[in-house]
Amino acid sequence: MDPVPYFRAIINEPHPTLHKAAKKMRPEELLDALVQQMIDDMFVTMYAAPGIGLAAPQINVSKRLFVVDLTEEREEYRLGPLVFVNPRFTVREGEVESNEGCLSVPGKVGDLKRYERVVCVALDRNGKRFEVEGKGLFGRCLQHEMDHLDGTLYIDKAQNIRAAVTAEEEETASTEGESTSSGDGDEAALSA
């Protein structure tokens with residue numbers, strides 16, 4: 001019988017785990033049934049939040065691992081579910097502005113600049129190396145989650161941090177996301 005994934009609590013600012021760099025994982029750790037269970041739990045937690053990305057530090061696990069699933073968010077993305085272990089960016093270019101929120105900083109949004117395009121190399125949940133290019137919503141999601149692994153919250157980079165008051169801001173704040181205002185045609189909320 002397979003283990004049943006369960007919802008994990010998402011920790012909030014100012015929890016210390018959110019402010020320290022997560023530890024690199026050894027590939028053999030992925031063979032551990034408890035690590036595989038944690039990955040399944042992260043997906044369940046992310047979907048319940050709701051979100052499209054969740055980093056291990058957000059469930060109080062200081063490991064360099066995050067999950068992403070954009071299959072439901074936007075027709076043109078259809079990416080996921082994906083597991084990123086020990087991710088790193090090999091390319092960062094361009095700039096895009098948007099407002100962003102985070103489940104670990106409930107009820108707040110702020111204006112933030114992100115790279116327009118990134119290339120990320122990581123291991124999947126089976127320890128196999130892969131590479132993805134991230135633009136638009138997917139690119140910003142990857143950067144948001146990578147920040148969590150580095151002990152950085154969006155509020156550490158954002159300007160004009162404020163309580164979410166408009167319907168769009170409330171959606172952004174409640175889904176750990178980013179709503180684009182960059183004029184790039186992408187009007188979806190990022191839930192990462």
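Estimated at 0.36 nm per residue, the fully extended path between Val44 and Asn60 surpasses their Cα-Cα distance by 4.2 nm.
Only lysine pairs 8 or more places apart or on separate chains count here, and in the chain those with Cα atoms under 12 Å apart total 4. The chymotrypsin sites (Phe, Trp or Tyr not before Pro) found in region 1-57 that occupy coil by DSSP, while having at most 14 further C-beta atoms within 10 Å, are Tyr6, Phe7.
Here the chain is treated with +1 on each Lys and Arg Cβ and -1 on each Asp and Glu Cβ, and its dipole about the Cα centre works out to around 920 debye.
In region 16-180, Cα pairs under 8 Å separated by at least six residues give a relative contact order of 26 percent. The mean of 1/r over all distinct Cα pairs in region 16-180, once inverted, gives the Kirkwood hydrodynamic radius of 15.8 Å.
If a spin label sat at a point 7 angstrom from the Cα of Gln159 along the line to its beta carbon, the backbone N atoms of region 113-150 nearer than 18 Å would be those of 113-116. Rg/Rh for region 52-138 (Cα atoms only, Rh after Kirkwood) is 0.96. Between Glu168 and Glu28, the C-beta separation translates, for a Förster distance of 41 Å, into a calculated FRET efficiency of about 0.40. What is the list of residues in region 115-152 whose amide nitrogen lies under 16 Å from a point 7 angstrom out from the Cα of Glu97, following Cα to Cβ? Counting only backbone N, you get 115-116.
Values in this text are rule-based calculations from the coordinates and carry no lab data. Worth saying up front: this structure is predicted, and the values here are computed from it rather than measured. Note that each Cβ is placed from the backbone with ideal geometry, even for glycine, and that neighbours are counted across all protein chains shown.
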